[in-house]
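Okay, structure first, notes after.
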Amino acid sequence: MKARAFSYFRAATIDQALDARARAGDDARFIAGGQSLVPALSLRLQAPRLLIDITHISELRGVRREGGYLRIGALTRHCEMLSEPLIAEFAPLLHAAAPFVAHPAIRNRGTFGGSVAHADPASEFPAMTLALGAEIEIIGPSGGRRVKADDFFVDLFETALQPGELITAVFVPLFKADQRFAFDELARRRGDYALVGCGMLATSTGERIDDIRISFFSVGNTPTRVKGTEATLIGSSLGAERIAAAQAALEGDLAPPDSDEVPPAMRLHLARVLLGRMLGRLGERA
Amino acid sequence: MSAPLTSLDRPNSYIGRSVPRPNAKRLLAGRGRYVSDLRLPRMLHAAFLRSPHAHAKIISIDVAQARALEGVHLVAIGADLAKICTPWTGTLDHFKGMTSAPQLPLPLDRVVWAGQAVVAVVAESRAIAEDALELIEIDYEDLPVVADIDSAREAGGPLINPGSGNNVCFRSQLDNGSVDDAFAHAAHVVEEEFCFGRHTAVTLEPRAIVAEYDPAAGALTVHHATQTPYQFQDLYSRHYGIPEARVRVIATDIGGSFGMKLHVYHEDMAVVGLSILLGRPVKYVADRMESFVSDIHARDHRVRARMALDAEGEILAMDVLDLTAIGAFSTYPRTSVVEGNQVIRLMGAPYRFKNYRATLEVIFQNKVQTSQYRAVGHPIACAVTERLVDMAAVKLGLDPLAIRAQNLIADDAYPQTSPTGYRFEALSHQACLKRLHEIMDYDALRAEQAELRKSGVYHGIGIAAFVEITNPSPAFYGVGGARISSQDGAILSLTPSGEVRCLISVTEQGQGTEAIISQIVADQLGLAQEHVKVITGDTEVTPHGGATWACRGAGIGGETALQAARALRRNILEIAALILQEQPSALDIIDGEVVDAGTRNQRMPISEIARIAYFRSDTLPPGTQAQLTVSHHFAPQGYPFAFTNGIQGCSLEVDVETGFIKMLKHFIVEDCGRVINPMLVDEQLRGGIVQGLGAALFEECRYSETGQLVNGSLADYLVPMPMEMPDIVIAHVETPTADTELGAKGCGEAGTAAASACVLNAVNDALTPFNATINSIPITPAKVLKALKRF
């Protein structure tokens, strides 16, 4: 389990990183926390000739308010989701999800931008960008752009990122007083990839749900927003009947893949149970 | 402490005291010296190309490009090593009729499991060796794969070993009393089929070996992360034709073993051969992915069993069929049939019924070899027996504790012979049961369970009594022709400054062997423990012995140390008596000082005796030859095994919507005879229980229909982790064995033996309101939800 030999370049600026990437072509990978990439290298599932270390690029760091958004730098580590007061205040869903992301040693190194770019469908943070209606800021050889999370996740480990592009930050709309959120997952052991997990953000007037965004992970090839289910909840309060309707609607939104341990019907069942429990809790907080 | 006072209850006795392990600080400080830390001059690194097929013919192997890669020193295939290594066969004579195919380090023309090493590369670094593996091309021709018990037993189905008539490795039958008659007249019969998944040891430190052959001396030194250095000294000597005295096996610090590190692995044998071919040290450390496909697996049993009871709930008979699937051959040198053999012999062991029948069938399949792993056979026999007892209790309307109290062998009924032929010297089932009732606060747990059910919270309570095999005599392996010792040896020296060095054949893998040996020696000699240095695990310096297997370190190794220490004490006091003009019997040693036995007045330090004996022997009476080094061997006699017993209980919660199980609390009352170090015994029990809970809830090596291990990584193979583990409450009953002075028996398997049975019973108890049952482990959310028909 030793990686194939590779060259290493530590970029000091975004320009340096992009230049190095352009010169090396497709045989190069950016590396930050390395919590997914390094195991892949050791297993020789990936064998790039060049690793471009972006962890010393200061422009990719920091969490700050920018307009109606919280700008979370791509290098923000998972553990900072727990410790950073701005995140607790303005993106509390990320704060709530963070303790479920792997184990402390991984959270100390893994980065938010890396997690979103890797787009593991079983990961917590990519799915949360959907629930939050976040926007992904990208820079590449042809300049910068912002992509809505809804448009970012394309297929299994496939995103809107084009070759040579880099995530610089994630913009999360600031959490407001009329909003409520919930996060939970069902994992065999604490820190494992969940059998199913979910995050949700609701905007309400009194008990009435005006808007709700619900996103699941570990249910398919990408993090999955369940729009049909959301629709059953908008305009009403979270009573038992509404919750049951939402649970029933999940079947239309999810098509879990077959796996040797969790059959699709079981995953759908677990998603329903989880959704019911979370909506119940969300209703109690109204 | 129910044991009577003995000569062991002396002032400043270390036996029975929780003293820290002398090596713990060194290991915690990162100062351990594991085989993987070892860097020898001129050392090279081996890597292996493994078969992607579970069963295939090797058509051709092209290694030309790999050989040409810079930094590669040797590429070896099966034929290269077959020239210098004789084949091995994993059978034992006392398992009548068992068969197994001969094995070589690397296969010649056929692979029999996915992950089998086929080609070895030795290079300047492991990374270069792995680069070279990518350049090797092997042409395979698929053969039919036997990947489960049913297809293996199918008449006319594919055969794993060409030339054999079927895929059966071994069959055995036990028949005692009148089973058919008992079932015919029974008021109640309970019956169930059980499945026990394959799992594996997952030691923190994987398998590791550095072999160093010196062609000039014709000598082989092997640094080997093994529990049994002497066994490997013998095997390397015989299979490579090197005189035993020129083979040295060193097993220093080892990061866990659990039975996994005492078997012959193809890679390890190959590494020795590679070092011989190169005349240089060669290192191989299995990585985690390799461990999953090449370490032994264990369990994999399907058991059909029934139990007959009379109208009052008295157990009358058991009838058992155990089908167990091993690998494509039987493991060497301890075989792959011991587990099945212990399953059928431990069935019903805590209970006093007399009619018993069992059939064991051990079956080959195209998977990695299975063999002895912690609590060999115990968890299966215990789970089957205890589940049937619970089923009977439900049928009869009896409380699980009450039916056990009724049927467990009475504490005053010993000696006893079990229906399967095991002889019990003295056990304490009833005392343990009473104690468990107290520490569980059982009645309160039942009341809480009933109350919570009303609000839709489903708690389950599980109980499991067990018997553990410890202190094995030659009846275990020796009688079968294996050169595996059941005795141990110790050499004790008083050093010139009055300290004691103890070289002993039992070994240390993190369980605290060196701690208890130093406690026993210090205790018997009347020394401070820090003045005893214990040295283990080097065949060049420590005497030949069994080392670590089954459960024997304290019981056999401890007695060896005790007898050796008493011999050295006699010799020290003899010299002291000459110097002090006393009778030896009038003297004693306390805290390193020779004292008057009666008054305890200090006479002289033993360091002074050492000084005189080593440097001023001219001052001793003429003709005196001080013997301040003694050696002693001890082989267990009397009962062939020192059986121990205990009982476990647990409470847990089943989430009936998700199928998730939350362990709430676990309890054990255990009787391992004389407890030498309570802290170490308690942690052995806790560790064992956690491994049992892993088997019950998480651990399983899952295979595809084509014989591919589908969860061979730590992300997919779930080991128990602290967050999911409950608090474990421990109590002891002490019934020392009379076969030794020390009276210690083993405790290494006790936790694992019954933990999974407890959980199986508790989950079924929780599901009672739903008329749902579960009969296989691990108990996954999928199995619970299936049983509850939730999807």
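The numbers here are math on the coordinates, done by the rules we state, and not lab data. Remember, predicted model here, so these are calculated numbers, not experimental data. Quick reminder, even Gly has a Cβ in these numbers, built from the backbone with ideal geometry, and neighbours come from all protein chains shown.
Fewest neighbouring Cβ atoms within 10 Å first, the residues B:TYR422, B:TYR236 line up as B:TYR422, B:TYR236. Annotation: for a label point projected 7 angstrom from Cα along Cα→Cβ of B:VAL479, residues of the stretch B:59-100 with backbone N closer than 11 Å are B:94-95. Under 1.5 on a/c is rounded, so check that first for the stretch B:653-722, then, if it is not, pick prolate when a/b is larger than b/c and oblate when it is not; a ≥ b ≥ c are the square roots of the alpha carbon gyration tensor eigenvalues. Oblate, since a/c reaches 1.5 and b/c is not below a/b. Let a ≥ b ≥ c be the square roots of the eigenvalues of the Cα gyration tensor of chain B; is it rounded (a/c under 1.5), or, if not, prolate (a/b larger than b/c) or oblate? Oblate, because a/c is 1.5 or more while a/b does not exceed b/c.
On the basis of the beta-carbon distance and an R0 of 45 Å, B:GLN637 and B:ARG238 show a calculated FRET efficiency of 0.95. The overall shape of the stretch A:7-53, judged from the alpha-carbon gyration tensor, is oblate: a/c is not under 1.5, and a/b is no greater than b/c.
Going from the fewest other Cβ atoms within 10 Å to the most, the residues B:MET98, B:MET347 appear in the order B:MET98, B:MET347. Full extension of the chain segment joining B:ARG33 with B:ASP591 gains 197.7 nm, where the gain is 0.36 nm per residue of separation less the Cα-Cα distance. Extent of the protein assembly as shown along its three principal axes (Cα atoms, max minus min coordinate, largest first): 102, 77, 70 Å. The mean count of C-beta atoms from other chains within 10 Å of the C-beta of residues in B:658-667, rounded to a whole number, is 2. In plain terms, the chain from B:ASP180 to B:PHE770 could stretch by 209.1 nm, reckoned as 0.36 nm per residue minus the Cα-Cα distance. The tail of the calculated P(r) for the stretch B:1-134, taken as Cα-Cα distances beyond 22 Å, holds 62 percent of the pairs. On the basis of the beta-carbon distance and an R0 of 30 Å, A:ARG23 and A:PHE157 show a calculated FRET efficiency of 0.75. Couplings 3J(HN,Hα) for the stretch B:181-194, derived from phi with the Karplus relation 6.51 cos²θ - 1.76 cosθ + 1.60 (θ = phi - 60°), are 4, 4, 5, 5, 9, 6, 6, 9, 10, 10, 8, 7, 10, 10 Hz, where x marks Gly and Pro. The loop-placed trypsin sites (Lys or Arg not before Pro) in the stretch B:665-760, going by DSSP, that have at most 16 neighbouring Cβ atoms within 10 Å of their Cβ come out as B:ARG702. Here the sum of -39500 (n - 2.57) over DSSP H runs of 4 or more residues, divided by the residues of chain B, equals -8500 deg cm²/dmol at 222 nm, to the nearest 500.
Remark: relative contact order (chain A) = 14 percent; criterion is Cα-Cα distance under 8 angstrom and separation of 6 or more residues.
Averaging the inverse of every distinct alpha carbon separation and then flipping it gives the Kirkwood radius. What is it for the stretch B:194-295, in angstrom units?
Values: mean 1/r = 0.0710 Å⁻¹.
By the Kirkwood definition, the hydrodynamic radius is 14.1 Å.
Neighbouring Cβ atoms from other chains, within 10 Å of the Cβ of residues in A:258-267, number 4 on average. Modelled spin-label separation between B:VAL729 and A:GLU89, with each label point placed 7 Å from Cα along the Cα-to-Cβ direction: 4.8 nm. Considering only alpha-carbon pairs that sit under 8 angstrom and 6 or more positions apart, the relative contact order computed for chain B is 16 percent. Here the 3J(HN,Hα) profile of the stretch B:676-681, calculated from phi with Karplus coefficients 6.51, -1.76 and 1.60 at θ = phi - 60°, is 8, 9, x, 5, 5, 4 Hz, Gly and Pro shown as x.
Taking only C-alpha pairs under 8 Å that are 6+ residues apart, what is the relative contact order of the stretch A:1-123 in percent?
Numbers: 187 pairs, mean separation 31.1, N = 123.
For the stretch A:1-123, the relative contact order is 25 percent.
For the peptides A:113-120, B:55-62, B:773-780, residues were scored by their other Cβ atoms within 10 Å and the scores averaged per peptide; the highest-first order is A:113-120, B:773-780, B:55-62. Model label points for A:GLU251 and B:ALA187, set 7 angstrom from Cα along the Cα-to-Cβ axis, are 4.9 nm apart. Working note: Debye formula, equal point scatterers on the alpha-carbon atoms of the stretch A:181-284, no solvent; log10 I(q)/I(0) at q = 0.16, 0.19 Å⁻¹ is -0.63, -0.87. May I ask you to derive the FRET efficiency for B:LEU714 and A:ASP258 from their Cβ-Cβ distance with R0 = 25 Å, giving the value to the nearest 0.05? My answer for the efficiency is 0.60. Each label was represented as a point 7 Å from its Cα along the Cα-to-Cβ direction; for B:CYS195 and B:ILE59 these points are 3.6 nm apart.
Set the bar at 18 Å for Cα to Cα. Now go through B:LYS25/B:LYS283; B:LYS434/B:LYS662; B:LYS283/B:LYS533; A:LYS2/B:LYS283; B:LYS25/B:LYS261; B:LYS261/B:LYS283 and name every pair that lies beyond it.
Numbers: B:LYS25/B:LYS283 28 Å; B:LYS434/B:LYS662 26 Å; B:LYS283/B:LYS533 30 Å; A:LYS2/B:LYS283 15 Å; B:LYS25/B:LYS261 24 Å; B:LYS261/B:LYS283 16 Å.
Among B:LYS25/B:LYS283; B:LYS434/B:LYS662; B:LYS283/B:LYS533; A:LYS2/B:LYS283; B:LYS25/B:LYS261; B:LYS261/B:LYS283, the Cα-Cα distance tops 18 Å for B:LYS25/B:LYS283; B:LYS434/B:LYS662; B:LYS283/B:LYS533; B:LYS25/B:LYS261.
Residue by residue, the stretch B:286-292 carries 3J(HN,Hα) couplings of 5, 7, 5, 5, 5, 4, 4 Hz when phi is fed to the Karplus relation 6.51 cos²θ - 1.76 cosθ + 1.60 (θ = phi - 60°); x denotes Gly or Pro.
In cubic angstrom, how much convex hull volume per residue do the alpha carbon atoms of the stretch A:63-173 span?
Details: hull volume 10.1 nm³, N = 111.
Given the Cα convex hull of the stretch A:63-173, per-residue volume reads 91 Å³.
Shown for the protein assembly as shown: cysteine residues without a partner Cβ closer than 4.7 Å, namely A:CYS79, A:CYS198, B:CYS85, B:CYS169, B:CYS195, B:CYS382, B:CYS432, B:CYS502, B:CYS551, B:CYS701. For B:GLU137 and B:VAL541, the difference between the fully extended length at 0.36 nm per residue and the C-alpha to C-alpha distance is 140.9 nm. Mean residue ellipticity, 222 nm, helices only, chain A: the sum of -39500 (n - 2.57) across DSSP H runs of n ≥ 4, divided by residue count and rounded to 500, is -10000 deg cm²/dmol. B:ARG600 label point, 7 Å along Cα→Cβ, cut-off 19 Å on backbone N: hits in the stretch B:499-542? Inside the label zone: B:522-529.
Pick from A:ARG146, A:ARG21, A:ARG189 the residue whose mean-square fluctuation is largest in a GNM of chain A, springs joining Cα atoms under 10 Å. Result for chain A, Cα springs under 10 Å: A:ARG189 fluctuates most.
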